[in-house]
Every structure is written in structure tokens, then in C-alpha cells.
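Heads up: the structure comes next, in C-alpha cells.
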Amino acid sequence: MNRPCVNCLKGFVTFLNFICWLCGAFIVGFGEFQMMHSRFGSLITSFWPIYPANTLIVTGTIVTCVCFLGIMGALMENRCMLITFFILLFILMLVELAMACVFLVYEREMDNFFEKDLMRSLETYKNSTSEGNLTIKEDFDVVQHIFRCCGVHGVADWEGNVPLSCCTKNPCNIIPQPNWQEGCHMKLRNWFARNFLSTGAGVVSLFILQFICMCFTIPIFCQFSRNGYGYK
């Protein structure tokens with residue numbers, strides 16, 4: 001392969017890695033946006049490691065670092081950087097596949113953890129004083145207000161001591177207090193499912209882009225090694 005072809009291939013690999021880097025940066029930004037505007041983290045403690053915002057931030061950060069290494073390796077024709085990029089990218093793709101398998105295999109178990117966490121948060125809310133566990137109280141009230149639900153399985157979970165966030169009127173100045181009857185478990189689970197679906201679609205798209213980058217990295221690395229370009 002002559003030098004112009006090598007330069008063309010190098011430019012294409014650099015472009016692919018730059019696109020991958022932009023995707024990683026966008027994923028980090030979107031994850032931060034979700035984390036700032038989501039009020040459910042304190043209610044789902046067992047689910048925290050695979051919370052959509054956390055997954056996006058961690059994955060996006062790793063992708064941006066790995067792709068930046070690929071960009072620099074291609075531009076500098078540095079075989080050490082390229083082989084490190086190839087290994088890290090391969091490991092990252094394996095981790096993404098493993099995460100997808102975990103989601104598929106333990107989907108039902110995750111739902112059980114989800115329900116238990118909500119019940120534990122509700123019991124904490126009921127047994128707290130007016131000044132205690134304010135974060136859980138505020139987050140539970142926000143969930144009930146936004147999703148128009150009450151309790152975990154229904155209004156009966158509150159055992160007669162129903163908070164104002166369950167009221168269907170705003171402001172709630174009616175006695176007896178009209179409350180939402182549907183529980184928050186199903187609505188929150190569906191919200192998480194939609195977020196995981198969009199997150200999964202993004203991860204799959206990123207996986208395909210990473211696979212293309214890896215495929216084009218192999219010939220350019222071999223060409224650099226064969227012709228002795230830039231061993232630095």
C-alpha cells in the first residue's frame with residue numbers, strides 16, 4: 001500500500017474515532033442531564049449501579065478516553081497508542097455485551113429489587129419524623145405528583161396517612177382528600193423501561209461504530225508496522 005493510501009486510511013480512522021468521541025461526549029452530557037433532572041435515585045438504592053444516568057456517564061467517559069487515544073494514535077502514527085486503543089476498545093465492547101446479557105438474564109430479578117426498594121422507601125417515609133429523611137420524602141412526593149400515583153401498589157399502602165402529594169387537586173383543600181388510586185410501581189417501572197430502551201439503542205449504535213473503528217484500525221496498524229511508520 002503506498003503512502004497516499006495510508007494517509008487516506010489514517011484520515012478515515014481518525015474521522016471515525018472523532019465521531020465516536022463526539023458520541024461519547026454526548027452520552028456523558030445526556031447522562032448528566034438525566035441525573036440533574038431525575039429525583040428517583042434515593043428511592044432505588046439496589047438499582048443504583050445500573051441506573052440509566054449512571055450507566056450513560058460511566059460508559060460515555062470511558063468511550064471518550066478510549067477514542068481520544070485512537071485519534072492521537074492515528075494522527076501520530078504511533079503503534080503503541082494504536083495497539084493500546086485496540087485492546088481497550090475490545091475490552092469495552094466485551095463489557096457492553098456483558099451488560100446487555102445481564103439486563104436480559106436478570107430482568108425479572110431487577111423488577112423485584114425495584115419493588116422492594118420502593119416499599120422500603122415508603123416505610124421510611126411513613127416512620128420518619130417531620131424533619132427526618134427529607135430527601136426520601138421529597139423524592140417520593142415528586143414521584144407521586146409527576147406520575148399521578150399514590151404509594152407503591154396503591155393508596156392503601158399509606159394505611160390512611162396519605163400525603164398531600166397523592167391528592168388529585170392542586171391546591172388540595174378538599175376534605176375528604178381525593179387521591180390517585182394507581183400505585184407508582186408500575187408507572188416508575190415503565191419509565192425505567194423506556195429509558196433503558198433508549199439507552200440500549202444508543203449503546204448498540206455505539207457498539208457498531210466501535211466495531212467499525214476496530215476493523216479499520218487493524219489494517220492501518222499492520223501498515224505502520226510493515227513500513228516502519230512512526231514507531232514512537
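The values are calculated or read from the model by the stated rules, or taken from the named source; none is laboratory data. From a predicted model like this one, the values you see are computed outputs, not experimental measurements. Cβ sites come from the backbone with ideal geometry, for glycine too, and all protein chains shown count toward neighbours. Calculation scope for accessible area: heavy atoms of the full protein, side chains included, ligands and nucleic acids excluded. Shrake-Rupley method; radii C 1.70, N 1.55, O 1.52, S 1.80 Å.
Taking 0.36 nm per residue of sequence separation and subtracting the Cα-Cα distance, how much length would be gained by fully extending the chain between residue 112 and residue 8, in nm to one decimal?
Numbers: separation 104, 0.36 × 104 = 37.44 nm, distance 5.27 nm.
Separation in residues times 0.36 nm, less the Cα-Cα distance, equals 32.2 nm.
Can you list residues from other chains, or at least 5 along the same chain, whose modelled amide H is less than 5 Å from the amide H of residue 182?
Here 150 satisfy the definition.
If I stretch the segment between residue 35 and residue 99 completely, what's the gain in nm (0.36 nm per residue apart, minus their alpha carbon distance), one decimal?
On the way: separation 64, 0.36 × 64 = 23.04 nm, distance 2.02 nm.
Here the segment from residue 35 to residue 99 would lengthen by 21.0 nm.
Determine which lysines satisfy two conditions relative to residue 126: a Cα distance under 25 Å, and not lying fewer than 8 residues away in the same chain.
Partners within reach: 116, 137, 169, 187.
With a 1.4 Å probe and every protein chain left in place, tell me how much accessible area residue 79 has, in Å² to the nearest 10.
Only protein atoms counted, so the area is about 40 Å².
Suppose R0 equals 25 Å; then what is the FRET efficiency for residue 211 and residue 80 from their Cβ-Cβ distance, rounded to the nearest 0.05?
Working: r = 22 Å, r/R0 = 0.90.
Calculated value: 0.65.
Let me check I've understood the local charge: for residue 55, count other residues with C-beta under 13 angstrom from its C-beta, Lys and Arg +1, Asp and Glu -1. What total comes out?
Working: positive: none; negative: 32, 96.
That works out to -2.
Ignoring ligands, DNA and RNA, what percent of the accessible area of the stretch 129-215 is carbon or sulfur (1.4 Å)? If you can, show how the numbers build up before the last one.
Values: 2990 of 4940 Å².
Percent of accessible area from carbon and sulfur atoms in the stretch 129-215: 61.
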